[in-house]
Each structure stands twice: as C-alpha cells, then as structure tokens.
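To start, the structure itself, in structure tokens.
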Ligand code: NZQ
Ligand code: ZN
C-alpha cells in the first residue's frame, strides 16, 4: 500500500427524510441568498423543487435560480452560473440533480470567487482555487459519486476537451434514494455501471498487490452487480436503489483510493469520446472497458485473476490462470450485455473513424494503468469498439 493523506469528506445525510433533516439542521449555516441550481426540469416533475423552495421560503432566504444545466456540463454553462452568482451576491449554492448539476456547481462556486479564468488557471498555470461559495449537493440520480468529492468533469467546447477540474467540496450531501425512483431505467443502469467502473478503475490501479482498500472494493463491486440485477427486476423497490446510491458514494468518497494510484484510463478515453460526441458517460464506459482490459490484462495479470475469482466467482480448478483472467473479462462483457448497456460504439451511433482518431490522440494517458498505452493503441482500442 502506498502512503496517503485522507482528505475531508462532506457531511452525509442518507436515507428517508434526509432532505428535511439536512435543511432543518443546516439552514442556520446557509447564507441569506441561495442559488438553487438544477438541470432540465426533472426536479420539478418529481416534486423536490417545491419541497426545497418551501423550506427556503420558510427560512426567509432569497432564491436565485440557475437552471438548464445539461448532461456533460459545458464550460460556457459554468461561466453563466458564475456570472449569475456574482451579480446576485449568492451566499450558498444548492446543487440539486445528478453528477452534471453537482459538477457544474462545484466549478461555479470556485469561478464566482475568482477574477481569472479557472480553466486557464488549472490547466495552464497549474494553480488551484482555495476560495469557494459554500455549497451542498442534493443527489437525485446516483452513479457518479460527485456529491462526495471536489472533482468536476467539465466539457470545454472551444478546445474540445472534457476533463476533471478541481472545485468546491460540498459542505453537506443529501442522499435519499426515494428521489432516484423516477430516474429512467436506462440512466439508472448507466449510472450504476459508472459506479462499477470507478471501483474497477481504482482496483486495477497501483499497487496491484492486494490490500485492504482493494478488499473493501471487491465487496462494493459484488454489491453493485447484485443490486443492478435487483433494480432491473424490481424497479420500484427502494432497497436496491439505496444500496446503489451508497455504492456510488463509496466508490468516489476516497476510501477505496487510499494507498492506491488510480487507473482511470477507461475514463480518460470516455471523457474525450464525450467531448466529441456528447455521449452518455456510463454507456461509453460499458463499451470501452472489456476491449481495454483485453489489451492490458497481461500487464496486470495477478489482479485480473483475482478479479475473476473474487468479483465474478470463477473458480474452475481445470482452468489455467490465463484462462481464469480472460473468463473474468468475459464475465464483465456478458454482464454489460445482460443489463442492456451497449457493447459497441456503433450501437451508440458513433461510427466516424477520423473522429475516433482525434479522440484517441487527445486522450490523456494515465500513470496508474498497469500498461502505459500509446495514442496509437488507444486508437486501435477505439476501432475495436466499433
Ligand atoms: O436534467 P434533468 O431534467 O434533471 O434530468 C436528468 C438528466 O437528463 C435526469 N435525472 C436526474 N435526476 C432525476 C432525473 N430524471 C428523473 N428523476 C430524477 N430524480 O437524469 C439525466 C442524467 O443526469 P446527469 O446528471 O447528466 O447524469 P449523471 O449523474 O450520470 O452525471 C453525468 C456527468 O457526471 C460526470 C460525467 O462525465 C457526466 O458529465 N462524472 C462526474 C464525476 C465526478 N464528479 O466525480 C465522475 C464520473 O466519472 C463522471 O465523469
Ligand atoms: Zn465515471
């Protein structure tokens, strides 16, 4: 296990009536002018908007709305939010939605306190924000775990880069699985697969030797697999939704990453695919993962064997270790098919090879991946995904 520093996590209100508990307890710490930030309007349909506005009005807060945050939030949207926050002297941001809304708000919170452009500051000058408008995350669609950390994934359309930007950490996060019952099944599954991907991308990071973080990770992966199957069988059952919501938070709250250099190579490729196509994040990952793993498993052999045994229960004594490792990757590919996620880019409507070359050559290559890929190899992987 590598040395580590364990960072602060947001205070979490989880479960039934978590929103009421959170707002009642925290209202005294929330300034007078509150930015209520949300996406395309699902929060109005599911009733959470009225509930929040009710609490804020009761507490005599001024409400400033920032709406229309799109999936795969853009840098232009961040700038719009920061402008609204500055003009209205916003004291606190309530981000209500999935990963996209929460991510956008983390950077709005930082940009509103800065004169300089945060993209240039972080990517060119390698400086990071230290002042933020305090914020809270109210999660209505789980999967990204965005409510648990200070990283945000933003698409800068001008430079065609979708990348992680560091912003605010929520003061508190609300996770009530009841709000996720209305998330369309396709999104619920792609979100849950995103969680599974975060766990794998941490597990296959360095060191490959097993350690306590990876053993906790194995149970998160097994739990995620089981509850994805449950949620498909019983879409209105709150229990698998609750389990998946906490799996999602666990995969991104930093616990599984302690002592590890994470891999996240699949994410880096998918993010660039997103920058070029605006595709769904979990779906893109589902296509990339098995193909990527068939390319790299020899370099991380012992861990791929353990993944097959401990996560997928492959214990056939007659199989060679090579075949056990491959069976684990096949089990992953079968699972992706079983839960109705796409298995090819063509299924996602992505077929342009020239564009894929640009995706490959603009993808970041990670140091945590057991095999250090080249851009040419990433292009080969993407062609195999077609
Ligand atoms: O916009 P609205 O109307 O709210 O609809 C949303 C959106 O269409 C809908 N939705 C959310 N809650 C709902 C609901 N519909 C019905 N009932 C509800 N209760 O769901 C759709 C998808 O929402 P979105 O936030 O885009 O999805 P997700 O949570 O998967 O977030 C995806 C974004 O997060 C980034 C991804 O790259 C992508 O940009 N990620 C963020 C990470 C992080 N910050 O740690 C890590 C991830 O790896 C990921 O990259
Ligand atoms: Zn992800």
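The values are calculated or read from the model by the stated rules, or taken from the named source; none is laboratory data. The structure presented is a predicted model; accordingly, all values stated were derived computationally and were not measured. Note that we place each Cβ from the backbone using ideal geometry, even for glycine, and neighbour counts take in every protein chain shown.
The figures follow:
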| read-out | value |
| --- | --- |
| Answer from 377, 322 - the residue that is farther than 30 Å from residue 234 by Cα and at pLDDT below 95 | 322 |
| Residues (part of a helix (DSSP H, G or I), more than 16 Å from ligand 2 (Cβ to nearest atom) and out of contact with any strand residue (DSSP E or B) (no Cβ under 6 Å at 6 or more places or on another chain)) located in region 100-118 | 108, 110, 111, 118 |
| Of all residues making up region 342-352, the number that are surrounded by fewer than 16 Cβ atoms within 10 Å (Cβ to Cβ) and touching a helix residue (DSSP H, G or I) at 6+ places or on another chain (Cβ under 7 Å) | 1 |
| Residue 96 within 26 Å of residue 184 (Cβ to Cβ), in the same structural domain as residue 145 (by TED's automatic domain parsing), part of a strand (DSSP E or B) and touching a residue at least 60 places away in the same chain (Cβ under 8 Å) | yes |
| Near pairs, Cβ below 7 angstrom, 6+ apart or cross-chain, from region 270-286 (more than 12 Å from residue 154 (Cα to Cα)) to any residue that is away from ligand 2 (no atom under 12 Å from the Cβ) and not in a helix (DSSP H, G or I) | 273/279; 276/160; 277/350; 279/350; 283/341; 283/342; 286/341; 286/342 |
| Residue in region 126-137 that is touching a helix residue (DSSP H, G or I) at 6+ places or on another chain (Cβ under 7 Å), assigned by TED's automatic domain parsing to the domain that holds residue 21, assigned to a loop (DSSP other than H, G, I, E, B) and in contact (Cβ under 8 Å) with a residue 40 or more places away in the chain present | yes |
| Extreme residue, nearest to residue 86 (Cα to Cα), among residues of region 120-139 that are surrounded by fewer than 24 Cβ atoms within 10 Å (Cβ to Cβ) and within 16 Å of ligand 1 (Cβ to nearest atom) | 132 |
| The listed residue being surrounded by fewer than 16 Cβ atoms within 10 Å (Cβ to Cβ) and either more than 13 Å from ligand 1 (Cβ to nearest atom) or on the phi < 0 side of the Ramachandran plot (or both), out of 240, 235 | 235 |
| Helices (runs of 4 or more DSSP H) lying entirely in region 248-329 (those with 3 or more residues that are under 14 Å from the mean Cα position of the chain (by Cα)) | 265-277, 281-296 |
| Scope region 168-186; condition within 18 Å of residue 249 (Cα to Cα) and either in a loop (DSSP other than H, G, I, E, B) or free of Cβ contacts under 8 Å to residues at least 60 places away in the same chain (or both); matching residues | 168, 169, 170, 171, 176, 183 |
| Matching option when the condition is away from ligand 2 (no atom under 16 Å from the Cβ) and in contact with a strand residue (DSSP E or B) (Cβ under 9 Å, 6 or more places away or on another chain), among 208, 169 | 169 |
| Filter pass, residue 261 being away from ligand 1 (no atom under 16 Å from the Cβ), under 26 Å from residue 4 (Cβ atoms) and in contact with a strand residue (DSSP E or B) (Cβ under 8 Å, 6 or more places away or on another chain) | yes |
| Failed item, numbered, when residue 201 is tested on (1) more than 9 Å from ligand 1 (Cβ to nearest atom); (2) surrounded by 24 or more Cβ atoms within 10 Å (Cβ to Cβ); (3) not assigned by TED's automatic domain parsing to the domain that holds residue 82 | (1) |
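One line per residue, one yes/no per condition, for (1) more than 20 Å from residue 283 (Cβ to Cβ); (2) touching a helix residue (DSSP H, G or I) at 6+ places or on another chain (Cβ under 7 Å):
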| site | (1), (2) |
| --- | --- |
| 306 | yes, no |
| 310 | yes, yes |
| 327 | yes, yes |
| 340 | no, yes |
| 360 | no, yes |
| 371 | yes, yes |
| 375 | yes, yes |
